[in-house]
Amino acid sequence: MEKEEFINLISEKMKLVRTEQSFSQDKMSEILGISKKTLVQIEKRRTEANWTTVVAFCALFNHSQLLISSIGDNPVDFVQLIASKNGGTPKEKTMGGKIWWKEIESRGDFRLQQNLISNHYRILDQYDYRWHSSFDKEESLSRLNELQGGNIEIDKGIGMGIYEE
């Protein structure tokens, strides 16, 4: 998913999330730091939110079930993936891909998964910690090879680093 597609998706969901959270337009515009007029324009689909508003929205409403189910992943992680374009997200514990993920390949202690909604890829270790995220399958397979090829110490899912013997 490209940045423009993500902005469009989030813009479409803003009114639904606002309703889910039981906020008025006045309260939501105050929370997001935008004018009520701008919020109304976004909700009526006359304009799209800007990137800064999308990032703030995802950060502030990252626990919204509607938002999570629309993306298929943590909204903040998804923003980081789009912003970085290099999969340089920090290692953190995931739920292991029980929902929204299919396993593409498994090698040793690592497995490559693809998100069923956004189609992006991630690599998890045996303890469900994320080591890599990307929209590029070939890049993800290459990273999986690197992780499996190097000697990696995994301490209860917390990567201690890659080193060569």
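Every number in this text was worked out from the coordinates using simple rules, so none of it is lab data. All values reported here derive from a predicted model rather than from experimental measurement.
Using only helices, what value at 222 nm comes out for the chain when you add -39,500 (n - 2.57) per DSSP H run of length 4 or more and divide by the total residues, to the nearest 500 deg cm²/dmol? Before the final figure, lay out each step's value.
Details: 7 runs with 74 residues, N = 165.
The per-residue figure over the chain is -13500 deg cm²/dmol.
Compute the long axis of helix 137-149 from its Cα atoms, compare it with the longest principal axis of the Cα atoms of the chain, and write down the angle in degrees, 0 to 90, nearest 10.
40
Tilt of helix 51-60 relative to the longest C-alpha principal axis of the chain, in degrees (0 to 90, nearest 10)?
80
Mind scanning K44/K93; K13/K93; K44/K137; K27/K137; K93/K137 and naming the pairs with a C-alpha gap bigger than 30 Å? Intermediate results must be reported in sequence, preceding the final value.
On the way: K44/K93 37 Å; K13/K93 26 Å; K44/K137 36 Å; K27/K137 41 Å; K93/K137 22 Å.
In this structure, K44/K93; K44/K137; K27/K137 exceed 30 Å between Cα atoms.
Roughly speaking, what is the stretch gain from K36 to Y127, that is 0.36 nm per residue apart minus the C-alpha to C-alpha distance, in nm to one decimal?
28.3 nm
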